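Have a look at the structure below, then the notes.
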Amino acid sequence: MSGYLPWYHDNITRSKAEGLLSKAARDGSFLIRDSESVQGAYALCVLFQNCVYTYRILPNEDKRLSVQASDGVPIRFFTMLPELVEAYYNPNMGLITHLQFPVQREEEVDEDREAANHPPQLPPRTFTSDMKESESKPSEPAGKSLSDMYLMKLQHMDLSGLSEEHEMAIQEYFRCSISLDAEQVQNGNSNLPGLKKLITLVCKNLNSEISRVTPVLEIFHRTLDQQLSPGIGPKQVFANSGQCVSYRLDQLTKLLYSIEDKVKGSVFESVGYEGGHRKSLIPPVAFEVKQESLGISTKMVLKVDIESGKLYFKKSKDGPEDKYFVHNKILQLVKSQKMHSKLVIVVETEKKILRKEFVFEDTKKREGFCQLLQQMKNKHSEKPEPDMIRVFIGTWNMGNAGPPHNIDSWFQCKGLGKTQDDTADHIPHDVYVIGTQEDPLGEREWSDTLKSVLRNITNISFKQVAIHTLWNIRIVVLAKPEHENRISHVFSDSVKTGIANTLGNKGAVGVSFMFNGTSLGFVNSHLTSGSEKKLRRNQNYINILRLLNLRDKKFNPFDITHVFTHFFWLGDLNYRVEFPSSEAEYIVTKIKQQQYQELLSKDQLCMERTDGKVFLHFDEEEITFPPTYRFERDTREKYAYTKAKATGTKYNLPSWCDRVLRKSYPLVHVVCQTYGCTTDIMTSDHSPVFASFEVGVASQFVSKQDPNSAPQGGIQIMNCVAILLTKSKTKFCIEFHSSCLEKRVKTAEGENTEQSDGSIKVWFGTQVELTPIISDPEYLLDQHILICVKSTDCDESYGAGCIALRAAQFCYSEFQITLTHHGENTGILTGGIQLRTSEFKPTEKLYDFIKIERDDAFPSKGKSGELNKSPVTQSYDISNPNYMGVSFKGGNVADKGWSYSMPPRNTPTVGPLSKDHKKAGYDLNARSPTAATYPGNGEETLSEMLDNPLYGSMAKSHGQAKEQGPPQPDRLTPAADGDPDRPPVPIPRNRSFTCSENKPQLPAPISLHLPAHKKPVVPSRSEGGMAQSRPPLPKSRPEPQSTKPRDYRDSFEFPSKQKLPARLSPLPPHKDMHLDPPKTGRPVN
């Protein structure tokens, strides 16, 4: 848009616009911003009686603009925005009030002044200049100064190796032609004719050599192609000598690379290499352990042979290998929570199931053993598709220096922090995501380096999924060859956030793809540097959220944090430790003492996340490694925290600039296995950071049900109430999006009630019926519904969230989700969800294999380690944050963004469509939902011994059914403010981590109050009777016995034989219902 328009605010967020109008606090105040729903349109925002009214300004086919105002007002068209604004200063134009007071733009946060004095280093690649004319205007004096500068530099160069002709050509270019090229660019011509003339002269002999060499190489290349007959194939296309040298060199380079790849492929195939599959063998690994028996500690050796699928029990390292268990006889690994080096191995013999306890050298050895056993189960699994993959995330600011010869430790997760044991060195990850900043290498060179390193470590030739570069910021995604056909829908994009958001020295690159039925997204960012630039970094984050496009167009209402099952954000985020510069030595002392907590309490990123300003609802594993910036190069023993500048000494205090965060959908499996930094890669002033994750994935589902006879399933969503933090005067509806739905579904308008705290409560009374494309319950339980609350007039999002269908697996379930828009908290949405499905028996997942349990939760055992036949009646206080729904506490994040009233574990898995309740749910003689039977000793059978973390245990406490009757759903409590019409709010329950041995931090709870700068909304119109309307709530039921909080996933139960009740049907509403705190788990007798 030409000219300066004070009331035009470009692409600021809706929330920001409301804040600016709220500060103006005068009726008739207005501003115009870009529309969030229609590209090329605008939004006119007008303040009246402390409410914001938004009108869309739409262009027609002739690019003329009109305002969507009140009905009955003639539509007027305008060629320019200033003309439109001038017209609407007049009254009676269809607006709530005529325009009076334009709201000026706020001054942007000042950029780093050093950047203005010292332009950022340009990328080490040729690129097309895409800056606007107004952003780069070299004048004649600028060209003159450029010429003088380069001529001065040339005088200090050793030119003895150049011919006289070439020396004179270079001098002539810097003396005259470079200034002419600058003039050409100023006039809009970016061809640089002077430079082209110089290159043609210098490369005259090279050009003729290319013409001579290229045909030979093309003949060789065609010979390597596998053709059906010599006559089939493309015709030879030799390089045109008239094309520019750089283009011909690029084509020649690509041809050489292609020849190299084809020769490698042919040679590897001839020797049986096949991309590394046949040689990617994991050698057997032995672990020295202790086994307790009758109070006597005995040393033993456990040997894991992944290739043969056997676990050997040996009395000594060189002892006989006559006692072993095959992979399918190893039923479960159970980690001790109290003793971090202790592990229980549950194995099956011909007559009984044994539980063997071992103590490892340390926790890392135990974790390495568990990873090897899990790899063994995965390798020998009969499933055609994986349900779990391992993902490596690496980020490194290379400091514009090439990597050292050996960077293996980065990919082996070796160094400081939460690291990987040596025994797991040879276990490859399925996907490697590597983000670099200040990367001086070319794409091909860096990609080949990474593939070579991984080939040396794993003996696997990884395939490149994607690579994307923005100047010196790069992301590379590599995957195992076996996953090549499982990966699809690859997107990549970049966003510049450098000076004036036009330079790519700062910004982000991203890649996303589908792994079978699971979406994965990755963003690598390099944010603004400088300790004092915290607010600018926050704005960088918001801009990347809004502008990075990694998704299909059907997800336009949602930003990138909503559209992926698993979303990872990595990079040099540049957040610093907020201490005075005088405390530098104190910080270094604390680092040497490995006392990081005090420093982390002043970490800018931690503080901003706690305040909900950035990375809302993201998780970060606990930091147990030292700050990764700023080291002296070639050593990791000394931090270089001072830097001499012309303006004085600049301080760069040691800080955790390089981070990895992640966000996943509710009730999915994701575990962080490592998070740390290397100690032996020292070419940069940053240390590389690594993180590895165990991630659950869904397969491309093929239903086993007959589509003609299978009953039609359904998803019912009801009793939805939204509380929106907005001053907008509009009506709202809800849109439901999901890949499992036949189409997008939109509700009718909700009923608004203005609240005393300035928020708006919207009640959507109509029950919504969603029709899935596949009704198979096993498919539906892996699906999620994206919810977007939108305005009906401008079709703009006022907040979005996600619901997991797994929450309603057993019966009607109430949910509460935090609504967010462009990274900001915009309110909450509560409601209920009910699945209508047929009976089914879920498949056990690979991640069910490992559990964590409290020591006193195990049953007693005999001398031989055999499990006693008496059932266990104790409930276990273990909580997994990946599956728990109600709690908003745990880890480094206060608000997970969702909660559910999870049903008791003893509810059968069967829908109301089932005709035979006896056939429904689980076989009580089965150890897990797979219905595999593990016979015990005597007439009792070990049932439900190993719980599926996603489907829950069907076990009951002894005598529970007699005392309690049918299982009860959890309850929600009314709002604390005493408003009877306020939707119920779940009470948090205690949680503990299953993936970390550190105590969780308890951050601040979610807040629904308006920001301080927004004034409370004063109702401007009567909405009588609305305050008395209530969303229907489920009927109250008898209160079950109190229980301890327990895990939705990790438990270890031996239930008695009892008949299971049928799946609960939807609960009818009752206006006088009494709400009780949620009850989780089952009563303890």
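The values are calculated or read from the model by the stated rules, or taken from the named source; none is laboratory data. These numbers were taken from a predicted model, which means no experiment stands behind them. For neighbour counting, all protein chains shown are included, and Cβ atoms are generated from backbone atoms with ideal geometry for every residue, glycine included. Side chains included, ligands, DNA and RNA excluded: accessible areas come from the protein's heavy atoms. Shrake-Rupley method; radii C 1.70, N 1.55, O 1.52, S 1.80 Å.
Packing, as the average of other Cβ atoms within 10 Å across residues, places the peptides 729-740, 365-376, 766-777 in the order 365-376, 729-740, 766-777, highest first.
Rolling a 1.4 Å probe over the protein heavy atoms leaves Val695 with an accessible area of roughly 0 Å².
Principal axis analysis of the Cα atoms in the stretch 666-817 yields extents of 61, 52, 27 Å, listed in decreasing size. Across all C-alpha atoms in the stretch 385-454, the radius of gyration and Dmax reach 13.3, 41 Å. Place a +1 charge on the Cβ of each Lys and Arg in the stretch 298-411 and a -1 charge on the Cβ of each Asp and Glu, then give the dipole magnitude about the Cα centre in debye, rounded to the nearest 20. Taking the Cα centre of the stretch 298-411 as origin, the dipole is about 620 debye.
Taking a Cβ cut-off of under 15 Å around Leu65, the surrounding Lys, Arg, Asp and Glu residues balance to a net charge of 0, with basic ones at +1 and acidic ones at -1.
Given a cut-off of 23 Å, what percent of all Cα-Cα pairs of the stretch 481-585 lie beyond it?
Tail of P(r) above 23 Å: 37 percent of Cα pairs.
Annotation for Lys463 and Val326: the two label points, set 7 Å from Cα along the Cα-Cβ direction, are 3.2 nm apart. Magnitude of the charge dipole for the stretch 1-58, about its Cα centre and with charges confined to Cβ atoms of Lys, Arg (+1) and Asp, Glu (-1), is about 100 debye. Highest mean packing first, where packing is the average number of other Cβ atoms within 10 Å per residue, the peptides 159-169, 754-764 line up as 754-764, 159-169. For Ser531, the shell of other residues with beta-carbons less than 9 Å away shows a net charge of +1, using +1 for Lys and Arg and -1 for Asp and Glu. Here the peptides 204-210, 390-396, 846-852 are ranked by packing, the mean other Cβ count within 10 Å, and the order with the highest first is 390-396, 846-852, 204-210. Rounded to the nearest 10 Å², what accessible area does Glu83 have for a 1.4 Å probe in the complete protein model? In the full protein context, Glu83 sits at about 90 Å².
The calculated pair-distance distribution of the stretch 297-422 uses every alpha carbon pair, bins of 10 angstrom beginning at 0, and gives 10, 34, 32, 16, 7, 1, 0 percent. Surface composition of the stretch 367-514: carbon and sulfur make up 43 percent of the accessible area, probe 1.4 Å.
Determine the sum of side-chain charges near Tyr432: Lys and Arg each +1, Asp and Glu each -1, restricted to other residues whose C-beta is under 11 angstrom from that of Tyr432.
The answer is +3.
Computed from label points 7 Å out along Cα-Cβ, the spacing between Lys299 and Ser163 is 7.6 nm.
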